[in-house]
Amino acid sequence: MVSSGFAQGQDETAPPPIKMLSKSERTQLGGAVQLKERTALALELMDSRLRSAEKFTTDENYSLMYAELGGFHALMDNTINFLLKARSDEGKQLNSLKKFEIGLRTFSPRIEAIRRDVPPNFEPYLKNLIRYISDNREKAMQQFYSDTVISN
């Protein structure tokens, strides 16, 4: 009998969660017009989502943990896109990008702690999310080294 390479009964990898903002998050972010204010609010909302995910991980409620991480991911995407498109005042944009990058630093170790406590089928998304946070930190910092900051 030929084995298929996959162990019988092995859990399949869970698909990534849906990246979606809640209505209240969308409303709150829409109401924050200043870059500094919106960045602080987004980091606060992301922290809240991550705290909920940590709680659900402790309670072993992995489906709700996954949903919270999807919301976290959506907030991160929304914020980096907003900050990169904002051109009202270059100095304010750079300050907000710096604050966002510093805020993102705190999330990776917390997600890594979650990753260690979840079943193996959730791990691939969590590894990708950690990598994605790193990529967004790099996107935020690239603005400090563009031609608009330092003249040739």
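GNM remark for the chain: springs join alpha carbons under 10 Å apart, and the peak mean-square fluctuation among 75, 97, 41 falls on 41. Site pair residue 98 and residue 40 shows an inter-label distance of 1.6 nm when each label is modelled 7 Å from Cα along Cα→Cβ. Note on residue 141 and residue 108: the model spin-label points, each 7 Å out from Cα along the C-beta direction, lie 0.8 nm apart. Listed by number, the DSSP H helices of the chain that run 18 Å or longer by alpha-carbon position along their axis and have mean Kyte hydropathy of at least -0.5 are 35-58, 62-85. Over the chain, dividing the summed -39,500 (n - 2.57) contributions of all DSSP H runs of at least 4 residues by the number of residues returns a 222 nm mean residue ellipticity of -23000 deg cm²/dmol. Each Lys and Arg contributes +1 and each Asp and Glu -1, all at the Cβ; summed about the Cα centre of the chain, the dipole is approximately 480 debye. Distance in nm between label sites at residue 23 and residue 131, each 7 Å beyond Cα in the beta-carbon direction? The modelled label-to-label distance comes out at 3.7 nm. Legend: residue pairs 55/99; 55/127; 55/139; 55/98; 85/139, Cα-Cα distance threshold 22 Å; pairs beyond threshold, 55/99; 55/139; 55/98.
We did not get these values from a lab; they are worked out from the coordinates using the rules stated. What you are looking at is a predicted structure, and each value in this text was computed from that prediction instead of being measured. Please note: Cβ atoms are built from the backbone with ideal geometry, for glycine as well, and neighbour counts cover all protein chains shown.
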